[in-house]
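To start, the structure itself, in C-alpha cells.
Any read-out appearing in this document is the output of simple, stated calculations on the displayed coordinates, not a laboratory observation. Because the structure is predicted, anything quoted here is derived from the model rather than measured. Positions of Cβ are backbone-derived with ideal geometry, glycine not excepted, and every protein chain shown enters the neighbour counts.
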Amino acid sequence: MIVRKPIAFNVDDAHQRELLEWVASRSNNFSGFVKDVLFAFKSGVGAAQVTAEAAVEASPVRVKYANVGDIF
C-alpha cells in the first residue's frame with residue numbers, strides 16, 4: 001500500500017520558492033529526495049550525506065549538507 005502526503009509550495013513566498021528551486025536542482029525524483037532528507041533528519045545526522053536518485057540517471061547523486069536543519 002502507498003500513502004501519499006502532498007506538499008504545496010507558495011512560490012510568492014521567497015523562502016518556499018527557494019526551497020522548491022533547491023530541491024528541483026538536486027533531483028528529478030522529488031519524493032525519493034525528500035524521503036532521504038527526512039530520514040537523515042530523523043536519524044540526527046548533522047553533516048549528512050544524502051543520496052537522491054535522479055529519475056534520468058541510473059547512478060545516485062550525492063548531496064552534502066553542512067547541517068540538515070538549515071534546510072527547514
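Near Phe9, within a Cβ-to-Cβ distance under 13 Å, what is the net charge of the other residues, with Lys and Arg +1 and Asp and Glu -1? Net charge around Phe9: -3. In plain terms, the chain from Phe41 to Leu19 could stretch by 6.3 nm, reckoned as 0.36 nm per residue minus the Cα-Cα distance. When each of Arg4, Arg17, Arg26 is scored by the number of other beta-carbon atoms lying within 10 Å, the sequence from fewest to most is Arg4, Arg17, Arg26. Note on Val37, Val11, Val45, Val3: ascending count of other Cβ atoms within 10 Å places them as Val3, Val11, Val45, Val37, the fewest first.
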